[in-house]
Structures are given as C-alpha cells and as structure tokens.
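Here is the structure we will look at.
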Amino acid sequence: VLLQEAAALRVARSDAEVLLTHALGCQRTTLRAFPEREVDAGEAAQARSWLQRRANGEPVAYIVGQREFWSLPLRVAPATLIPRPDTESLVELALSPRLAPPATARAASLPAVVDLGTGTGAIALALAAERPQWAITATDTDASALAVAESNVRRLAQGNITLCQGDWWAACAGQRFDLAVSNPPYLAADDPHLTAGDLRFEPRRALVSGTDGLDAIRTIALGAATHLKPGAWLAVEHGCEQGEQVRAVFMAAGLTAVFTVTDLAARERVTAGCWEG
Ligand SMILES: C[S@@+](CC[C@H](N)C(=O)[O-])C[C@H]1O[C@@H](n2cnc3c(N)ncnc32)[C@H](O)[C@@H]1O
C-alpha cells in the first residue's frame, strides 16, 4: 500500500524504496519479497510523512539523514552538501601512484594530506579508509558542517583525521602538505541549476563561488606555494565545462605538470598540478 501511495505521489520507485527501508527498518529485499507485510502505525506514519517530503522535492539523503560514499554510510544534514558519486574520481586520483605520497616518504613524519572544504568529511574519510597511515587534515569554514564531519569521523574514521575550521588555507596556517585535495563550490552565482532538483535544498556556500564559479579554486591554487611541500600535488574537482579555465588558473599559480582527468562519461571533472617548490 505504501509503495502504491508513493507512486500516486509521483515519488520515484528507487527513492520510495530507500525511504521505506529507513522508515520501516528493513532491507530492500524484504520490501520486495514481502510487499504485504504488516507495519505498525508509527512506522507507517513516518513513511507517509517522508514520502510527502520527497514529493515536495526534498532530497532523500536529507530526509533519511544518510548517504553512502566510497561504501561509507555518511551522516548528512542540510548544513552539508550531499556527497556525489562524481567525487569518487577525485578520491581515486588522490590514491593513484602519481599523486599519493608514498608511506615511506619523509620517514620522520606521516604523509600530511589536507581536504579543503570537507562538508560531511566524505573525501577525508574515504582517503583515511584506504590510507590509515596518512595524517589527514579536513577543513571547512562552516561550524555546522564541521559538526556533521566530526560525527562521521567519530563513527567511521579508520585513520588519523584532524578537523579545523577556517577560510580555505587559513584553517591550516603555517602547515605544508604532501597532498591537497578539494571539492570546492564551483557554480557561478547565476547558474540555472541552482533552482532545480536537490541543489535548491543544499547550502549556497557549498555550491556557489563568485560570478564565474572559480573564486574558491583561484584561492586554493594560489595557496599551493605556501602550503605544499616541494613535489606535492593539488587536485580539485570542478564543473565539466571548467577544465580549460582551471588548468589556466593552476598554471598561473605556478603549478606544473597540470592535467585533467575525465569521468566515465568522458567529462573533464578533476584537475591536478604539482608544486615543484
Ligand atoms: C562542494 S562542497 C564539498 C563537500 C565535500 N568535500 C564533498 O565532496 O561532499 C564545498 C564545501 O566547501 C565549504 N566551503 C565553502 N566556502 C569555504 C571557505 N571559504 N573555506 C573553507 N571551506 C569552505 C562548504 O562549507 C562545503 O562544505
């Protein structure tokens, strides 16, 4: 009955299944195998309220308070961006032999890695899961976002993550890193996507960066000189039509060997550059 009500509300079947599994505390396979299962009145009321919220456009991840990233069940809240599968390309590049600091490098200390604008902590937690020997600093300007990241770090961190609040590099003043990654806001202030879909509900500070969308990337690239060790890499996610501009920003900031990787749909999504020192 609840699935029929979801269809009547025009909630997509896949979204309805996620909402119902959370509201009813069951697996998707249970929903499918036992569609006639009786549920208690409290669970049914919760499910109906969530289906209505989804019908009003609210993102599923905010309704259930969770989204999976890199196989980690992250807590999300309206103060944070909802982590996207696209960002896993940035994690893959950061872990690749070309960019990743070897565990044995600079043996006196652990490789130091920073995730600028961490939101839920998605990138930092994915890197920590794969490289528990890295000393990872995760920053954000927003205290509410950092509180969400902190709860994810407490529940999920397998490595060594330090959270710092501040404006981009100012959060880690005086420190130099072996690798820096960021998925910064990169939409232009008048981007029409801001008025559609999930983006309507996400914090503007997580999405928009100046009139051309590149203010944050300019600041991050310019900070490479004072915050990266010689030979360290900076990698940022960006819009699929910003590759050429981001490469120009990186080169103007003195980064070398600049290159862009494409996602599975052959769109330019992540640019990296090396600080030679
Ligand atoms: C696109 S979201 C990315 C969140 C997360 N890294 C992810 O990939 O899901 C950008 C993040 O940058 C943060 N941010 C915006 N302006 C900032 C600033 N001036 N300094 C540091 N972080 C900032 C936002 O609060 C937001 O969490």
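The values are calculated or read from the model by the stated rules, or taken from the named source; none is laboratory data. It should be emphasised that the depicted structure is a prediction, and the values quoted were computed from it without experimental measurement. Neighbour counts run over all protein chains shown; Cβ positions are idealised from the backbone, glycine included. With ligands, DNA and RNA removed, areas are computed over all heavy atoms of the protein, side chains included. Shrake-Rupley method; radii C 1.70, N 1.55, O 1.52, S 1.80 Å.
Quick notes on this one:
- Rg over Rh [alpha-carbon atoms, Kirkwood Rh] for segment 132-211: 1.02
- Ordering T120, T260, T226 by accessible surface, largest first, gives T226, T260, T120; the 1.4 Å probe counts only protein heavy atoms, with every chain in place.
- Per the Debye formula on identical point scatterers at the alpha carbon atoms of segment 217-277, with no solvent, log10 I(q)/I(0) at q = 0.13, 0.20, 0.22 Å⁻¹ is -0.29, -0.65, -0.76.
- Hydrodynamic radius (Kirkwood) for segment 1-77, which is based on Cα pairs only, to one decimal in Å: 12.7
- Charge tally in the Cβ shell below 13 Å around L255, where Lys, Arg are +1 and Asp, Glu are -1, L255 excluded: +1
- Linear extension gain, D212 paired with E276, 0.36 nm per residue minus alpha-carbon span: 20.2 nm
- R54 contributes an accessible area of around 60 Å² to the protein surface, as traced by a 1.4 Å probe with all chains present.
- Once both labels are positioned 7 Å from their Cα atoms along Cα-to-Cβ, the gap between A225 and E241 label points is 3.2 nm.
- Sulfur and carbon atoms: percent of accessible area, segment 26-80 [1.4 Å]: 47
- As an equivalent ellipsoid, segment 61-143 spans semi-axes of 26, 13, 10 angstrom, where each value is the square root of five times an eigenvalue of the C-alpha gyration tensor, largest first.
- DSSP-defined beta bridges in the chain - what % are antiparallel, rounded to 5: 40
- Using a probe radius of 1.4 angstrom, the carbon and sulfur fraction of the accessible surface of segment 117-196 is 48%.
- Accessible surface ranking that places the most exposed of W233, W134 first, with a 1.4 angstrom probe: W233, W134
- Kirkwood's formula applied to the C-alpha pairs of the chain gives a hydrodynamic radius of 19.9 angstrom.
- The residues of segment 1-58 expose on average 63 square angstrom of accessible surface per residue, using a 1.4 Å probe on protein heavy atoms.
- Projected label points at T262 and A147, each 7 Å from Cα along the beta carbon direction, are separated by 4.4 nanometres.
- C-alpha long axis of helix 13-24 to longest principal axis of the chain, angle in °: 80
- Note that segment 123-277 presents 43 Å² accessible area per residue, ligands and nucleic acids not counted, probe 1.4 Å.
- Net lengthening on full extension, R32/F201 (0.36 nm per residue, minus Cα-Cα): 57.8 nm
- Calculated log₁₀ intensity ratio I(q)/I(0) where the Debye formula runs over C-alpha points of segment 78-219, q = 0.09, 0.10, 0.11 Å⁻¹: -0.27, -0.33, -0.40
- Calculated P(r) tail over 14 Å for segment 170-228, as whole % of Cα pairs: 60
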